[in-house]
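Everything below concerns the one structure shown next.
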Amino acid sequence: MAPSPTRRPALLRRATAALVLVLAAAALVPTSASAASGTAGEVFTLTNAERYKAGVRALVSDPALDAAAAEWARHLAATCTFEHSTSQWRSSRVAAYGWVATGENIAAGQPDAQSVMTAWMNSSGHKANILDSRYTGLGVGVATGSCYRTYWVQIFGIGSPVKKLSGGAGDLTGDRNADIVARTTAGELKIYPGNARGGFTTPLTAAPAWGSRPFTTLGDFTGDGIPDLGRVETTGALMLYAGDGRGGLRAAVQIGKGWSGFTQLVGGIDYSGDRLPDVIARTATGTLKLYKGNGKGGWLSGNGVQIGSGWSGYDSLSHVGDFTGDSRGDVIARKISDGTLWLYPTTGKSTWGKPVQIGRGWQSFTAVFGGGDLTGDGAQDVVARTPDGTLVLYPGNARGGFLARQTIGGGWNTMSQIG
């Protein structure tokens with residue numbers, strides 16, 4: 001039976017006593033990760049503040065833990081229930097990312113981050129989770145529903161998070177949110193900072209005189225933690241434009257020559273499994289070549305290695321990040337003949353997994369690309385533009401599919417390129 005709002009006090013008292021805790025014997029040292037954003041980020045920050053006061057090391061935030069917490073919060077809100085997930089459920093979503101054990105706090109009805117943290121810290125079981133020194137990571141999910149309005153989920157992890165490469169442009173402004181890059185018809189390069197809710201804040205001009213040459217998102221190609229862009233000049237020179245972390249670009253550096261023969265570049269993807277961003281280039285005949293990045297703004301080998309053929313039948317090739325939830329990067333490609341959208345997963349061993357059709361009827365869109373995590377739920381998203389300039393967001397579910405589509409902007413038909 002779905003709970004009734006009039007039963008809230010009793011339900012919440014019973015729920016306070018419920019505590020799910022699955023622990024491993026040894027704690028592993030976590031690698032660095034960016035914190036959650038928005039209201040979830042407030043909970044993350046307040047949690048670490050409590051640990052600091054107690055003399056316990058800070059937790060790191062990981063997209064896999066965030067995605068699992070957000071998914072469970074949405075489940076509670078949609079079903080009007082209040083119950084813990086199982087350790088098996090959590091493990092199926094985060095084990096591939098390096099988390100070997102998990103625990104969970106849930107709450108409902110609190111209006112803001114400070115209120116829910118106060119409630120948890122006043123409950124011995126939930127407080128024990130927050131201050132447990134064995135935990136190394138934390139994911140936070142927040143959702144709204146009809147019964148208790150706001151649902152809160154913390155998923156704690158033990159382990160060391162696996163480094164994943166985001167799809168899309170990434171965080172070019174330093175606010176920990178995914179951004180979008182656009183080239184105007186006048187030749188300006190704009191950055192649209194994401195707000196982690198599928199929308200954008202005031203756009204920034206990264207390069208007022210970029211020109212007509214297409215850009216390529218490269219991920220963190222230089223290894224400084226800031227995403228970068230690339231551009232192929234008419235001479236065939238491949239230029240690297242390193243991001244400055246404030247919505248701007250550093251002076252261009254040449255990192256290749258003879259690239260004018262390629263019809264499309266896909267950057268930011270880790271095809272080889274070394275967790276460093278590579279570049280995939282397509283020739284006019286449909287051959288794909290891999291150029292492995294060294295994580296320092298250069299190449300492990302200057303000679304491209306063929307990794308595919310027959311790709312001339314696709315357009316809108318894009319790195320979509322880890323779309324399937326296996327911690328490896330994926331590519332989306334639209335088939336020209338029928339407008340179907342295909343997902344090409346990577347294996348982490350310099351090979352492709354089995355392609356899967358994930359959409360149809362996409363031929364009407366004038367742009368299709370991986371947008372990174374634009375909704376702030378830890379899952380990678382896809383963005384498309386209609387002929388009238390409407391920007392449509394297809395949020396990923398971190399399992400190779402989509403949640404309900406959203407309209408996130410208008411007037412984008414004035415842009416020559418979006419990515």
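The values are calculated or read from the model by the stated rules, or taken from the named source; none is laboratory data. Every value quoted in this text rests on a predicted model; they were computed, and no experiment measured them. So basically every Cβ, Gly included, is an ideal-geometry build from the backbone, and we count neighbours across all protein chains shown. These area figures cover heavy atoms from the full protein model, side chains too; ligands, DNA and RNA do not enter into them. Shrake-Rupley method; radii C 1.70, N 1.55, O 1.52, S 1.80 Å.
What's the long-distance tail for the chain, i.e. % of Cα pairs beyond 28 Å?
Values: 42423 of 87571 pairs.
Taking all Cα-Cα pairs of the chain, the fraction more than 28 Å apart is 48 percent.
Roughly how many nanometres apart are two label points built 7 Å out from the Cα toward the Cβ at Arg134 and Thr414?
So the label points at Arg134 and Thr414 sit 5.7 nm apart.
Tell me, what are the semi-axes, in whole angstrom and largest first, of the equivalent ellipsoid of the stretch 39-158 as set by the roots of 5 times the Cα gyration tensor eigenvalues?
Working: eigenvalues 81, 64, 26 Å².
Over the Cα atoms of the stretch 39-158, the semi-axes work out to 20, 18, 11 Å.
What length, rounded to one decimal in nm, is gained on full extension from Thr205 through to Met121, with 0.36 nm per residue of separation minus their alpha-carbon distance?
Full extension from Thr205 to Met121 adds 25.8 nm.
Starting from the Cα of Arg360, step 7 Å toward the Cβ, then list every residue of the stretch 307-333 with an amide N under 19 Å from that point.
Only 314-315, 333 fall inside the zone, counting backbone N under 19 Å.
Subtract the Cα-Cα distance of Arg197 and Thr79 from 0.36 nm times their separation in residues, and report this length gain in nm to one decimal. Write out the running numbers ahead of the final one.
On the way: separation 118, 0.36 × 118 = 42.48 nm, distance 2.20 nm.
Value of the extension gain: 40.3 nm.
Report, in deg cm²/dmol and to the nearest 500, the calculated mean residue ellipticity at 222 nm for the chain, where each DSSP H run with n ≥ 4 adds -39500 (n - 2.57) and the sum is divided by the residue count. Can you show the working numbers first?
Values: 6 runs with 67 residues, N = 419.
That calculation yields -5000 deg cm²/dmol at 222 nm.
Arranged from highest to lowest average of other beta-carbon atoms within 10 Å per residue, in what order do the peptides 294-300, 396-402, 311-317 appear? Each step should come with its number before you reach the end.
On the way: 294-300: 15.0, 396-402: 19.6, 311-317: 17.4.
Going from most to least packed, we get 396-402, 311-317, 294-300.
Suppose each label sits 7 Å from its Cα in the direction of the beta carbon; what would the Thr185-Arg250 distance come out to in nanometres?
Label at Thr185, label at Arg250, 3.6 nm between them.
Longest segment of the chain with no GluC sites (Glu not before Pro) in a DSSP loop having at most 16 other Cβ atoms within 10 Å? Each step should come with its number before you reach the end.
On the way: sites that count: Glu83, Glu233.
It runs 234-419.
Run the 1.4 Å probe and let me know the accessible area of His75, rounded to the nearest 10 Å².
60
Taking 0.36 nm per residue of separation and subtracting the Cα-Cα distance, what length does fully extending Val305 through Trp89 add? Each step should come with its number before you reach the end.
On the way: separation 216, 0.36 × 216 = 77.76 nm, distance 3.95 nm.
Extra length from Val305 to Trp89 when fully extended: 73.8 nm.
Over 26 Å between Cα atoms: which of Lys164/Lys349; Lys53/Lys164; Lys289/Lys354; Lys127/Lys164 fall into that group? Intermediate results must be reported in sequence, preceding the final value.
On the way: Lys164/Lys349 15 Å; Lys53/Lys164 31 Å; Lys289/Lys354 19 Å; Lys127/Lys164 30 Å.
Beyond 26 Å: Lys53/Lys164; Lys127/Lys164.
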